[in-house]
Amino acid sequence: MRVLVIENMAKTELGQVGMALREAKAEIDIRRAYLGEPVPETPEGYDALVVLGGEQSALDDDAYPYLSALATLMRAFGDSDRSVLGICLGSQVLARAYGGKNLLGAAREFGWCQVHVRGEGAVDPVLSSVGESFPIFQWHGDTFTLPDGAVHLAENAVTAHQAFRMGRAAYGTQFHFEADTHLVEDWNRTFPDTINRLDPTWLARYREHAARHGREADAAGLALARAWVATIGRHGGMIGHAGPMLEEIDG
């Protein structure tokens, strides 16, 4: 299978989604859009799309002009029955793509938080993998309204729209299920000033937080990643090398 990945910020890595893709022996084309690497105009040649998080908002077209085209591309993937995964910023762009309204600064969460699976999620191929409730890492200030036709999969008290699905397999998750404890620790080292502004106690109490939530959150994240990868079908017309960073990931 061939998967297009859009990075919107440095250090926004695939984490546990990458682990699940390695198990599936996926071929990955990474585009660092925030550095100006081109975003494909169509889904042709790919089986799935992953759009990762970032510090910008989903409406920050002036500073990041590619965002509008990215929204169009996400919808094209979803409408062609290809699997889509939008995480954090990616979920906000997916909501924008299907007509949802982006709500800037309306839902602030940071750290491991509990998320509850709704009835629709309990029978969903991806969200049903984690039971009724699970802790997962959060780092966001924005949220969105659900587009018409969206299936509302998960929620919590701070952010009503934690996960949703459009069509068969276009998923948006506001939470960072790709971020296992190793990736969270990397973010602690890379972004200490930003983290201190969000939660001045986080770094000092990190080991306590990780001991309480890390193992369960890692297990939930990997279960979600594997379940999403299982939705990926194969599409014809894959032609050679199509991007600046193409790698085959062997499990």
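Which ones in the range 10-59 are assigned to a helix (DSSP H, G or I) and either in contact with a helix residue (DSSP H, G or I) (Cβ under 6 Å, 6 or more places away or on another chain) or surrounded by 17 or more Cβ atoms within 10 Å (Cβ to Cβ) (or both)?
G15, Q16, V17, G18, M19, A20, L21, A33, Y34, listed by residue number.
Among the listed residues A63, A69, which satisfies the condition of being assigned to a loop (DSSP other than H, G, I, E, B) and surrounded by fewer than 20 Cβ atoms within 10 Å (Cβ to Cβ)?
A63
I need the full set of residues from the range 127-151 which are part of a strand (DSSP E or B) and in contact (Cβ under 8 Å) with a residue 24 or more places away in the chain, in order please.
F134, P135, I136, F137, Q138, W139, H140, T143, F144, V151
Going through the range 17-35 one residue at a time, which ones are within 15 Å of the chain's Cα centre (by Cα) and either under 14 Å from C88 (Cβ atoms) or β-branched (V, I, T) (or both)?
V17, I30
Name every residue in the range 76-126 that is part of a helix (DSSP H, G or I) and free of Cβ contacts under 8 Å to residues at least 60 places away in the same chain, in order of residue number.
Selection gives A76, V93, R96, A97, G119, E120, G121, A122.
Can you say whether A169 is free of Cβ contacts under 8 Å to residues at least 60 places away in the same chain, surrounded by 15 or more Cβ atoms within 10 Å (Cβ to Cβ) and small (G, A, S), as far as the supplied structure shows?
So A169 fails the test.
Determine if the range 62-85 includes at least one residue that is under 17 Å from the mean Cα position of the chain (by Cα), of a type in the set (D, E, K, R) and more than 22 Å from H161 (Cβ to Cβ).
Yes, the conditions are met somewhere in the range 62-85.
None of the figures in this text is laboratory data; all of them are computed from the coordinates on show. Keep in mind that what you see is a predicted model, and the values were worked out from it rather than measured. Ideal geometry is used to build each Cβ from the backbone, glycine not excepted, and the neighbour counts take in all protein chains shown.
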